[in-house]
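Have a look at the structure below, then the notes.
The values are calculated or read from the model by the stated rules, or taken from the named source; none is laboratory data. Quantities reported herein were computed from a predicted structural model and do not represent experimental measurements. With ideal geometry, Cβ positions are generated from the backbone for all residues, glycine too; neighbour counts draw on all protein chains shown. Calculation scope for accessible area: heavy atoms of the full protein, side chains included, ligands and nucleic acids excluded. Shrake-Rupley method; radii C 1.70, N 1.55, O 1.52, S 1.80 Å.
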Amino acid sequence: MQRDLFEEEHVLFRETVREFLAREVVPHHDRWEKDGIVPREVWKRAGEIGMFGFGVPEEYGGAGITDFRYNTVIVEEVMRIGATGLGFSLHNDVMAPYFVGLTDDGQKARWLPGFVSGELITAVAMTEPGAGSDLQGIRTTAVREGDHYVLNGQKTFITNGVNSDLVVVVAKTDPEAGARGISLLVVERGMEGFSRGRNLEKIGMHAQDTAELFFDNVRVPVANLLGAQEGQGFFQLMANLPQERLSIAVMAVAVAETVLRTTIEYCGSRKAFGRSIGAFQNTRFVLAELDTEVEIARHYVDKCILALNAGELSAVDAAKAKWWTTELQTKVVDRCLQLHGGYGYMMEYPVAKAWIDSRVQTIYGGTTEIMKEIIGRSFGF
Ligand SMILES: Cc1cc2nc3c(=O)[nH]c(=O)nc-3n(C[C@H](O)[C@H](O)[C@H](O)COP(=O)(O)OP(=O)(O)OC[C@H]3O[C@@H](n4cnc5c(N)ncnc54)[C@H](O)[C@@H]3O)c2cc1C
């Protein structure tokens, strides 16, 4: 079925992004996988061609356009080449709403120009060693002392954890107040008492820096609180999570489509028993099933993108998109690997890298089980 999500300007933007990635990323990504990190220079080059912060007002260097289709173009192009090391979607899709929507004029002036230029890389630190799905179980505290908060605690699994300059840290400003006692503080690179732990060794996504963060009596100015008042952090997170989950769903469908396409080509050329493996009914049935499901996923996700643009994407619809597409992604990639036979297990074949990189998709951004909880709760039992 015809995809009708994009307009002419998105098509042109896609060409720019594709050209940038071919020049600045494709030749280097294998090395970054070995290094465990993407150099900051790439972020600046991406900033130069306008890849960050479309929704940032023009006076701060952005385009002033709130249209998630631009974000979608980037995610799709990055996934098409398997450049999972780039933490761009976390910066653009997840963090932009915090830095654009929850900042006052002073904060905007300090942070947004760097956000757009790629000189200030962002991250969000919710998860702790003892609390992931159960966000209210976090133990990091921020105690007000005059015009500072004194921040203490530890975070883990933080994407862009090594490269980030601005980290939105989720902390308890009133541990007795439950959801109403959580606030978001922006911790800046170089603040005394803020340190980073290991760049964690992962199953896949080897070029992406994922780190532990430590806060030891970090004095964070009250001017770094996001939102007008303390105690709103939990609700600010809940408001922004649908966009994060949609971004992951866009990624899931893009990977599934890419892997499926390359697998269909492979099945057309690989021979066994005197004919192409695509001639076996099993191969055709497997590919037919996956192709059907991926196309259905694509249309649901496109509808979610338009709903997000219209300010109507519900938490439940985003949860459906997130769990279903990411479970589909892992299935598609696994079945496609099987169709590659032994070559599918070799890292020089893109399907092998897609297989290890995909596994995390059903976990971060809220696990499949938590997504089903969100949907299940909507029945009002
Ligand atoms: C590569 C990577 C990058 C990440 N990036 C970030 C980041 O940038 N920032 C950040 O803050 N975090 C990040 N995370 C953390 C991620 O969001 C959490 O790992 C995830 O939310 C799950 O939390 P957990 O690991 O503590 O698992 P747990 O919450 O301990 O869950 C363990 C298992 O129990 C299940 N479970 C838990 N509660 C329920 C329930 N109520 N009902 C049914 N089942 C349940 C889960 O679904 C899961 O299967 C990242 C993680 C990874 C692996």
Kindly provide the helix-only [θ] at 222 nm of the chain, computed as the sum of -39,500 (n - 2.57) over DSSP H runs of four or more divided by all residues, to the nearest 500 deg cm²/dmol?
-> -15000 deg cm²/dmol
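Excluding ligands, DNA and RNA, what is the solvent-accessible area per residue of the chain at a probe of 1.4 Å, expressed in Å²?
On the way: 17370 Å² over 381 residues.
Spelled out: the 1.4 Å probe surface of the chain, per residue, equals 46 Å².
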Comparing GLY344, GLY178, GLY82 in a Gaussian network model of the chain (Cα, 10 Å), the one with the largest mean-square fluctuation is GLY178
Considering only the chain, what is the antiparallel percent among its DSSP beta bridges, to the nearest 5?
-> 85 percent
Rounded to whole Hz and in sequence order, give me ³J(HN,Hα) for the range 42-55 from the Karplus expression 6.51 cos²θ - 1.76 cosθ + 1.60, θ = phi - 60°, writing x for Gly and Pro.
-> 5, 4, 5, 5, 5, x, 4, 9, x, 8, 10, x, 4, x
The answer for trypsin sites (Lys or Arg not before Pro) in the range 1-52 that fall in a DSSP coil and have at most 15 neighbouring Cβ atoms within 10 Å is ARG3
For the chain, calculate the relative contact order in percent as a whole number, restricting contacts to Cα pairs under 8 Å that are 6 or more residues apart.
-> 16 percent
Largest first, how would HIS206, HIS10 line up by accessible area (1.4 Å probe)?
-> HIS206, HIS10
Calculate how steeply helix 368-377 sits against the longest principal axis of the alpha-carbon atoms of the chain, using the helix alpha-carbon long axis, and give the answer as 0 to 90 degrees to the nearest 10.
-> 70 degrees
What figure in square angstrom, to the nearest 10, would you give for the accessible area of MET126 with a 1.4 Å probe?
-> 30 Å²
Long-range HN-HN contacts of MET205 with modeled amide H, under 5 Å = ASP357
Whole-Hz ³J(HN,Hα) from phi, Karplus 6.51 cos²θ - 1.76 cosθ + 1.60, for the range 181-198, glycine and proline x | x, 10, 9, 10, 10, 8, 9, 9, 3, x, 5, 4, x, 9, 9, 10, x, 5
Ordered by residue, what ³J(HN,Hα) values in Hz, to whole numbers, does the range 33-39 give under the Karplus form 6.51 cos²θ - 1.76 cosθ + 1.60, where θ = phi - 60° and Gly and Pro are x?
-> 4, 6, 6, x, 6, 9, x
Could you sort TRP323, TRP111 by accessible area so the largest value comes first, with the probe set to 1.4 Å?
-> TRP323, TRP111
